[in-house]
Each structure stands twice: as structure tokens, then as C-alpha cells.
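**Q** Structure below; questions to follow.
The values are calculated or read from the model by the stated rules, or taken from the named source; none is laboratory data. None of the values given here were measured: they were computed from a predicted structure. Reconstructed Cβ throughout: ideal geometry from the backbone, glycine too, with neighbour counts over all protein chains shown. Heads up: the accessible areas ignore ligands, DNA and RNA and are worked out on the full protein's heavy atoms, side chains in. Shrake-Rupley method; radii C 1.70, N 1.55, O 1.52, S 1.80 Å.
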Amino acid sequence: MSGLQGLAQENIWFDKSTYDEAERRFYEGTNGIPQTSQERDASAILQDIVKARQNIQQSLAGSQNASKSEDQSELVSRLKSLELDNKNLHKVVDDLRAVLSKLESRMAVLEKSQAPASKTVTVTKAAPVQKPKVEEHNGADDNDDDIDLFGSDEEDEEAERIKAERVKEYAQRKAKKTALIAKSSILLDVKPWDDETDMSKLEECVRSIQMDGLLWGASKLVPVGYGIKKLQISCVVEDDKVGTDILEEEITIFEDYISVQSVDIVAFNKI
């Protein structure tokens, strides 16, 4: 920037024709052509111009060299950092190789230690199997006359007697256990046709239904509208003996002398 500032302060560019004439006279003087006093002055100016140009070129060259030196210093620093990173990576790789070699050595030791143990296990398992076979074979050869291939009737009778006793004991134990009975809790809505129905008589008729596996529970009158009330009654039934269809049929039987509109199941829960 110093060279450019010096170039900006020069006044040689404001009158170009004068300086061109001075340059022409300078070159004529160098070639042996005689010069006047004006031409000498012009040559002096021209020399100043040449010096100024040289100064500008030198300043520009110095700035370029400075920038090159800065770039080179930056490259040197980057190379140093890369070399340091490379050294660190080499160290990490060496550590990993050492760990891997240790693991391989440990695996080899474990495999060698497990191999004899497996061999001993197979030998101990195989040895007892062979001995009884040899003994049984020898015993069969020595006592062929003592073997009864068909058995005896007494042994069959004894086996049948033991079997019968075991079956009898099992039946007795099973009879002592109480069987699990499946039950359900049902909530019914019994609706009359009008408000003139005697609800107490209706409840009495419903509770008069008696059958095996049926137990009536609590009841209440629930308003429906326009003065009409419905009977809501609960019961507990055994699933194998009483069904909801049977209850609906038994309650609707009373339609001849009590106006029953419908029987609805509000809730049905297993116990």
C-alpha cells in the first residue's frame, strides 16, 4: 500500500503531453542528439519519472514478497499441525493393536482350557453306559434257564389289583373336591304398559318364580315418565341351570292378569 500511496501523490499524470515530449527528448539525448537547456530540463524530469516508476515497482515487489512470506508461514503452520495429528493417530493405532493382540492371546488360552474339560465330560458319560450292557449280556448267558418269557398269572392278578386300588383312590379324592360352579349376576328391567299397573303385585309375581339355581336379590322402582315406573330387580343364577331366555319367558307369562310390556337385561356380570 505504501507504493500505491506514493503513486497517488505523484503529479506527473496531470500533463501527459509535456511528459511525453520530455521522454522523447531524453531518448534523443541518449542517442547523441544535441539538447537545448529546455531539453535538459525535460530530461531531468524524465529521469525523475523513471526513478518514480522504479520506486513503484520496488514497492509492489516488496508487498508481493510479504504476502508470499505470509502464505508460506501459514502453510508451514498447517503442515506442522498435520504432522502432529498424524503422530497422534499412529499412537492410537498402536494402542489398538496392542489391545487386540492381548484379546487374541486370552481367547487362545480359554479355548485350550475348555477343550480338555469337554473331553473328560464325554468320557465320564460314556463309561457307565458300557458296563451295564456287558453285565446284562453275561448274566443272560449264564441264566438262560431262569428267564420266564411269558410271566405268570399271579403277577398279572397282582398288577390288576394294584391298578384297581389306585383308580378307586383317585375317584375318592376327586369326589371330595367341590366342583366349581359358574354363576352370573343379572339386573332386569320389568316395564308395565301404563301407570295403572300394581307394581307391588308385579314384584310379587316375579319373585314367585322359583327354580333350581335361581336366587332373587334387591329390587326398586325407577320412574320412567308420565307417572309410569319400572321394576328393577337383581338375581344370581347358575349358568348351567338358568338362562336369561327362561327368565324372560317366565316373567312374560303373567301378561294375562298383569300388563307387562317388556323384560330387558340391564347388566350381566360373571361371578
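**Q** If the requirement is being part of a strand (DSSP E or B), in contact (Cβ under 8 Å) with a residue 24 or more places away in the chain and either of a type in the set (Ser, Thr, Tyr) or open to solvent by less than 30 Å² (accessible area, probe 1.4 Å) (or both), which of these qualifies: Leu231, Leu202, Leu247, Leu187?
**A** Details: Leu202 fails: part of a strand (DSSP E or B); Leu247 fails: part of a strand (DSSP E or B); Leu187 fails: either of a type in the set (Ser, Thr, Tyr) or open to solvent by less than 30 Å² (accessible area, probe 1.4 Å) (or both).
Checking each option against the conditions leaves just Leu231.
**Q** Checking Leu215 against (1) in contact (Cβ under 8 Å) with a residue 24 or more places away in the chain; (2) under 17 Å from Ala182 (Cβ atoms); (3) within 56 Å of the chain's Cα centre (by Cα); (4) surrounded by fewer than 16 Cβ atoms within 10 Å (Cβ to Cβ), which single condition isn't satisfied?
**A** It fails just one condition, (1).
**Q** Give me the residue from the stretch 250-260 that is open to solvent by 60 Å² or more (accessible area, probe 1.4 Å) and within 11 Å of Val206 (Cα to Cα) and, out of that set, farthest from the chain's Cα centre (by Cα). Outline the logic, then answer.
**A** Let us first name the residues in the stretch 250-260 that are open to solvent by 60 Å² or more (accessible area, probe 1.4 Å), namely 250, 253, 255-257.
Right, trim to within 11 Å of Val206 (Cα to Cα) and you get 250, 253.
Working: Glu250: 59, Ile253: 63 Å.
The residue in question is Ile253.
**Q** Next up: Can you name the number of the only condition in (1) open to solvent by 40 Å² or more (accessible area, probe 1.4 Å); (2) touching a Leu at 6+ places or on another chain (Cβ under 7 Å); (3) of a type in the set (A, V, I, L, M, F, W, C); (4) free of Cβ contacts under 8 Å to residues at least 40 places away in the same chain that Val266 fails?
**A** Of everything listed in (1) open to solvent by 40 Å² or more (accessible area, probe 1.4 Å); (2) touching a Leu at 6+ places or on another chain (Cβ under 7 Å); (3) of a type in the set (A, V, I, L, M, F, W, C); (4) free of Cβ contacts under 8 Å to residues at least 40 places away in the same chain, Val266 misses just condition (4).
Conditions (1) surrounded by 10 or more Cβ atoms within 10 Å (Cβ to Cβ); (2) at pLDDT 85 or above, marked per residue:
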site: Met107; (1), (2): yes, yes
site: Lys112; (1), (2): no, no
site: Pro116; (1), (2): no, no
site: Val121; (1), (2): yes, no
site: Lys125; (1), (2): no, no
site: Pro128; (1), (2): no, no
site: Lys131; (1), (2): no, no
site: Val134; (1), (2): no, no
site: Gly139; (1), (2): yes, no
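**Q** Look at Val242 and say whether it is in a loop (DSSP other than H, G, I, E, B), hydrophobic (A, V, I, L, M, F, W, C) and open to solvent by less than 40 Å² (accessible area, probe 1.4 Å).
**A** Details: in a loop (DSSP other than H, G, I, E, B): yes; hydrophobic (A, V, I, L, M, F, W, C): yes; open to solvent by less than 40 Å² (accessible area, probe 1.4 Å): yes.
So Val242 passes the test.
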